[in-house]
Amino acid sequence: MLNFLTCLLFCCTLVSHAEDLIPFPFYMPDKKPDMALSKAMERAYEHYEAPSYRENELHSLFRYTRLKGFDYKQGNGTISRRDPSKIIKVDGEYYVWYTKRDTPIPPRGAKGGSDVIPSSDWDLAEVWYATSKDGFTWKEQGVAIKRPEKPNVGWRSVSTPDILVWKNKYYLYYQGFMEMSGKRGDDCPVTVSVADSPTGPWTPTHKVVIPNGPEGAWDSKSIHDPYPLVHNGKIYLYYKSDFGKSGILHRAQGLAIAENPLGPFDKHELNPVLNSGHETTLFPWKEGIAALSIRHGNENNTIQYAPDGVNFEVKSSVSLMPVAAGPYIPDAFIDTKNGKGILWGLSHFAHQGSRQHRHSILARFDCDLHQEVNEPSMRDTEYFLKSDVYFSQGLGSAFEKRKKMSTLD
Ligand code: AAL
């Protein structure tokens, strides 16, 4: 009898709780509702630019267009273009700089490399530039930075440039290899050349401007993907480094700050400032800096924001991100306090062609990561990819043996 009464009481409590329960509303409230929320729903309101991705200005799809104007010799692998810089506009013309490899044969790895045979796609390379009126059709203009004489910084290869415009002068920062990439890892520091015009001529400083860190430091071997912006009246130069065991490398992004384009650059005490990502892509956003974190790490495929340019937080997770993106950022160098964002740029597709003909191509990406544009079709989260895209990935050698098993434990 007692048991029956306890049970009845319990059921009545449940019913009355269900009646008291305020359900989460059918229409997503713009402001955080005054009710108990799960951690996930708290986060939706407190962490992101807007609770729904449709209003989140740091969320976008990325759409790609094949460029006109670049010749790749039918993709035979002897010509490669990759790692485009940010794009700037001067006198109505867009300018981009990039790594160009034009070698007698395609890359053959560190073992097959020589004085004329490249080990990697960016070995024995030069920095070239192209111009465009519309961002879709480009005209290659020629070499901007040649490889200097040995033993100057970059004698083996100069690659992965980015541009800074500062007090009417142009500065190209780029990787300067003094050994073949792949010998130990992908080891190099960063150097800089200066010009009065985007068409050059470029004067190399022959100086290491962003040096490798001391032995044992995360950035002791490589300083990659130099990426300057102007923030707080100073040059904020972001860069990537590879560190850890070969085969299971970590990749993260650091920041070095200077008052003068030729340095000295002080590395930030909190480096690395982004725990993920490969090629570095950032842009002024509101009072701070936004970053695209791509390809590697726990936070790959995210867009992040740091009001101080240092302490980044994830603001959206996205897909099909542009690799090695160099966006057109009209306010990159004006020390804006209200960064507007980006709408397009160039990126690259690496690993083109068959194994023996590997090379990279430049492409255009478009997105809506702009405060003053709100293109609903870019706010979606989904791509409808053909099944071939998935099947072409294959099982991978480690999993191929599954095909031979009749059952899986
Ligand atoms: C990239 C960049 C750097 C690396 C290599 C060429 O995409 O991170 O430039 O050195 O790969």
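The values are calculated or read from the model by the stated rules, or taken from the named source; none is laboratory data. No experiment lies behind these values; they were computed from the predicted model shown. So basically every Cβ, Gly included, is an ideal-geometry build from the backbone, and we count neighbours across all protein chains shown. Areas reflect the complete protein model, heavy atoms only, side chains present, ligands, DNA and RNA absent. Shrake-Rupley method; radii C 1.70, N 1.55, O 1.52, S 1.80 Å.
When the accessible area of region 259-329 is computed with all protein chains present and a 1.4 Å probe, what percentage of it is carbon and sulfur?
43 percent
If you place +1 on the Cβ of every Lys and Arg and -1 on the Cβ of every Asp and Glu, how big does the dipole about the Cα centre of region 164-261 come out, in debye to the nearest 20?
The calculation lands at about 80 debye.
Which order do peptides 37-48, 255-266, 283-294 fall in by mean Cβ count within 10 Å, highest first?
Put in order of decreasing packing, that is 283-294, 255-266, 37-48.
Considering only G75, G297, T160, whose Cα is most displaced toward the positive end of the charge dipole of the chain, charges sitting on Cβ of Lys, Arg (+1) and Asp, Glu (-1)?
Going by the Cα projections, it comes out as G75.
Across the Cα atoms of the chain, what radius of gyration and what greatest pairwise Cα-Cα distance (Dmax) are found, in Å?
Expressed in Å, the Cα Rg and Dmax of the chain come to 25.0, 98.
So what is the 222 nm mean residue ellipticity for the chain from helices alone, if each DSSP H run of at least 4 adds -39500 (n - 2.57) and you divide by all residues, rounding to the nearest 500 deg cm²/dmol?
Per the formula, -2500 deg cm²/dmol.
Near K32, which aspartates and glutamates are there with a Cα under 15 Å away, not counting those fewer than 8 places off in the same chain?
E42, E46, E49, E55
Scan around T302 for amide H atoms under 5 Å from its own, H built in the peptide plane at 1.01 Å from N, and keep only partners 5 or more places away or cross-chain.
S293, V318
Compute the accessible area per residue over region 64-391, keeping the other protein chains in place, probe 1.4 Å, unit Å².
Heavy-atom accessible area per residue stands at 44 Å².
Of the cross-linked pairs K100/K245; K133/K340; K68/K133; K111/K183; K150/K207; K89/K139, which ones have a Cα-Cα span greater than 18 Å in the structure shown?
In this structure, K100/K245; K133/K340 lie more than 18 Å apart at Cα.
Can you compute 3J(HN,Hα) from phi for each residue in region 239-247, using the Karplus curve 6.51 cos²θ - 1.76 cosθ + 1.60 with θ = phi - 60°, rounded to whole Hz and x for Gly and Pro?
8, 10, 9, 9, 8, x, 5, 4, x
Roughly how many debye, to the nearest 20, is the charge dipole of the chain about its Cα centre, given +1 on each Lys and Arg Cβ, -1 on each Asp and Glu Cβ, and no other charges?
1680 debye
Amide H neighbours of V209 under 5 Å, counting only residues 5+ apart in sequence or on other chains, H built in-plane at 1.01 Å?
V190, T191, V192
For region 64-391, build the charge dipole from Cβ charges (+1 Lys, Arg; -1 Asp, Glu) around the Cα centre, then report which of V192, G112, S222 sits farthest towards its positive end.
Final value for the positive-end residue is G112.
Among the lysines, which fall within straight-line cross-link reach of K404, defined as a Cα-Cα distance under 29 Å, with same-chain neighbours fewer than 8 residues apart omitted?
K386
If packing is taken as the average number of other Cβ atoms within 10 Å across a peptide's residues, how do 271-277, 367-373 rank, most packed first?
So the peptides 271-277, 367-373, ranked by packing, come out 271-277, 367-373.
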